[in-house]
1. Going by the structure shown, is Thr296 within 16 Å of ligand 2 (Cβ to nearest atom) and at negative phi?
2. Checking Leu50 against (1) at pLDDT below 90; (2) farther than 20 Å from Leu93 by Cβ: exactly one of these is not met. Which one?
3. Conditions first: (1) more than 12 Å from ligand 1 (Cβ to nearest atom); (2) acidic (Asp, Glu); (3) under 24 Å from Asn266 (Cβ atoms). Glu166 passes all but one, so which condition is the exception?
4. List the number of the failed condition for Leu417; all other conditions in (1) farther than 19 Å from Leu389 by Cα; (2) out of contact with any Cys (no Cβ under 6 Å at 6 or more places or on another chain); (3) not hydroxyl-bearing (Ser, Thr, Tyr) hold.
5. Under the condition of being of a type in the set (Val, Ile, Thr) and near ligand 1 (Cβ under 9 Å from one of its atoms), which residue from the stretch 259-283 is surrounded by the fewest Cβ atoms within 10 Å (Cβ to Cβ)?
6. Considering every residue within the stretch 161-172, establish whether at least one is within 16 Å of ligand 2 (Cβ to nearest atom), over 18 Å from the mean Cα position of the chain (by Cα) and not assigned by TED's automatic domain parsing to the domain that holds Gly542.
7. Can you tell me which residues in the stretch 197-233 are under 27 Å from the mean Cα position of the chain (by Cα), of a type in the set (S, T, N, Q) and more than 16 Å from ligand 2 (Cβ to nearest atom)?
8. Check every one of the helices (runs of 4 or more DSSP H) wholly within the stretch 116-200 and list those with 3 or more residues that are surrounded by fewer than 21 Cβ atoms within 10 Å (Cβ to Cβ).
Amino acid sequence: MPVHNAEIAAMLDQAAELLEIRGDNPFRVRAYRRAARVVEGLPRSVTSLLAAGEKLSALPGIGDDLAGKIAGIAASGKFDLLEGLKRELPGELAEIAALPGLGPKRVKLLHGELGVRSLEDLRRAIRQGKLRSLRGFGPIMERKLQGALAKPVAEKRFRLTVAEVEAEALVNHLRGAAGVGHVVVAGSFRRRRDSVGDLDILVTARDGAAIGARLAAYENVATVAARGPTRTTVVLRSGLQVDLRVVPEASYGAALMYFTGSKAHNIALRNMAIERGWKLNEYGLFEGKRRIAGTTEAEIYRKLGLPEIPPELREDRGEIAAARKKQLPALVTLSDIRGDLHVHSTWSDGTVAIAEMAAAARARGYSYMAITDHSRRLTVAHGLDPGRLGRQIDEIDRLNDQLKGFTVLKGSEVDILADGTLDLPDRILDRLDVVVAAVHYKFDLPRAAQTERLIRAMDNRHVSILAHPTGRLLGERDAYDVDIERVVAAAGERGCYLEINAEPDRLDLDDVHARAAKEMGVKLAISTDAHSVAALDYMRLGVDQARRGWLEPGDVLNTRPLGDLKKRLKR
Ligand code: DGT
Ligand code: CA
Ligand code: CA
């Protein structure tokens, strides 16, 4: 059976974790992590790429050695390096490293100094008060770990990009069945939530059992959890659950609406139907026994006196009242985006030279792109000091002289130091078009200090955009403790923009905070933070979250043409 991309990525990630704990070369560790992200984001399975004779070493960040290892995993389902590391490093160290606040470095200390090999060992060490004696483990860390160890295992959710890769392959497989009409992924996936609990796939066909059989026979199915004439539930080998529902064509709109949800939105609509003496369910809108709508969603909304509500808004967060008053927002779309304001190059930890990145941005229909490489504090990312940034500025000036109809903006992703000052002096920031300020360390400051830190950074009039404002990493790291409302208000007072970082594991600000920002009159930049050409395409994920945050083109900085943009970037 072919090995799925998600499984390969998980093995590469685990290997990176264990290599880091073992104290391997950080570049090697990062190479494995990066490869995991690349594999995870591939539009096709590694197996099919190899079968088509394509070279994995042509992918960004994947050299010959890694390409060989990945091909080996794809062929055998096993990763010798990982097996070896697991034998060499005892117990549950990888699980321990995944706890909040514990990276590989601290796990090494726990293991080396206290002999911790399992989660139980760690609990015991905390009970016995041994943790505090270790360097870098204060009482705050102890309390945090106690909390994390006490929590039941959270419901596993899957990042939207991971679900997309699974969904695309599966939808193609189902389309191959005889007698299928529509095949569509509904649920939180269609509402474009940043993560999904499972995939809800809706198919129109007469013979539901045949479609169910086709799903059960899919090569990536691990277990079939339930099987019936119109519904089938399976769990894929990645752990992602799939709920399949088969309905007749006449119920397509009603079923799509029902399975798109959200549940709260459905209930609100059903109540509207009841008020009119009707009944609304997944088979249609009914007056007595007569179906008065159901083939399309638009038809059902129309009967209820509403315009069609975009799936991204269907959360019962005021969209029905807005629809009733004909005041639904005209949501921003990908084609409104005119440029990307947070992009890396080989000057820091990007994989592509500035000129190539510019060409790729231009090919996406943009008219500008800001190069915002890291600043000097981030040594692992080859952050730029004022001298190198000065030389980069000169290079960009020369490049712009050659480009027509496209502009590379000079920028920096400057680190916000612990006290809220910036990692680069004003005299160099003064030469830039865009300064993106970001927190990359000291995530555990107390709330008041963290809030002050961000606000102080925005006090610097050179700062145009606050990058990934809460620092969350989906499924890995919670947002740091910060009074986000104060930060949003402070951004508004200072004419600073907030970022929706479109990286699939960030999507930060999230939908809810983006909407709060809009309501407070603060505008946002949707930026990819791309370190490779392929990552420029994450823009659509940022736009999805912006849409979930009710944003219209006018709320988004990088929908502005260049001249207007430049004026807005000046504070
Ligand atoms: P998820 O999977 O946790 O990311 O979120 P959803 O929204 O995809 O939820 P899921 O998979 O449990 O159900 C898919 C859709 O089915 C949901 O959005 C709305 C509909 N649905 C599920 N349960 C109910 C229910 O009890 N009542 C109503 N009205 N709709 C439901
Ligand atoms: Ca779902
Ligand atoms: Ca479901």
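The values are calculated or read from the model by the stated rules, or taken from the named source; none is laboratory data. The structure displayed is predicted, hence computed values, not measured ones. Counting neighbours? That spans all protein chains shown, and the Cβs are built from the backbone with ideal geometry, glycine included.
1. no
2. (1)
3. Exception for Glu166: condition (3).
4. Failing condition for Leu417: (1).
5. Step one: list which residues in the stretch 259-283 are of a type in the set (Val, Ile, Thr), which gives 260, 267, 274.
Adding the requirement that they be near ligand 1 (Cβ under 9 Å from one of its atoms) leaves 260, 267.
Values: Thr260: 22, Ile267: 13.
Within the stretch 259-283, the match that is surrounded by the fewest Cβ atoms within 10 Å (Cβ to Cβ) is Ile267.
6. Yes, the conditions are met somewhere in the stretch 161-172.
7. Selection gives Asn220 alone.
8. Numbers: elements: 119-127, 139-150, 160-175, 187-190.
Output list reads 119-127, 139-150, 160-175.
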